[in-house]
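Let me begin by presenting the structure, written as structure tokens, before commenting on it.
Derivation of every value follows stated rules applied to the coordinates shown; laboratory data play no part. Everything numeric here is computed off the predicted structure, so don't read it as measured data. When we count neighbours, we look across all protein chains shown, and the Cβ atoms used for this are built from the backbone with ideal geometry, even at glycine.
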Amino acid sequence: MSQLLVRDLDPAVLQGLKERARRHGRSLQSEAKAILEASVTLSPDEARRVAAEWRQRLAGAIQDDSADLIREDRDR
């Protein structure tokens with residue numbers, strides 16, 4: 001597992017993190033880990049929003065089947 005060291009953390013932030021961990025019944029490390037994991041995981045609503053953006057970007061674009069190009073490249 002990887003590790004992360006955060007330097008020069010404001011004491012008020014650290015205290016707030018400790019209080020939050022206590023409220024959730026977790027250790028400081030577990031709370032920080034949960035916050036970091038949640039920050040990089042898309043919620044279902046966020047995933048739908050991103051998917052809708054991509055559908056809008058690709059709307060009307062011609063999508064070719066790339067199988068022939070892949071086969072041609074492999075046969076070289």
Selection within region 25-48 - charged (D, E, K, R) and part of a loop (DSSP other than H, G, I, E, B): Arg26
Within region 5-24, track down each residue that is part of a loop (DSSP other than H, G, I, E, B) and of a type in the set (A, V, I, L, M). Leu5, Val6, Leu9
When residues of region 18-76 are limited to those that are in contact with a helix residue (DSSP H, G or I) (Cβ under 6 Å, 6 or more places away or on another chain) and hydrophobic (A, V, I, L, M, F, W, C), the one surrounded by the fewest Cβ atoms within 10 Å (Cβ to Cβ): Leu28
Within region 29-76, residues among the polar types (S, T, N, Q) and closer than 30 Å to Leu5 by Cα come out as Gln29, Ser30, Ser39, Thr41, Ser43
Within region 31-76, track down each residue that is closer than 29 Å to Gly16 by Cα and hydroxyl-bearing (Ser, Thr, Tyr). Ser39, Thr41, Ser43
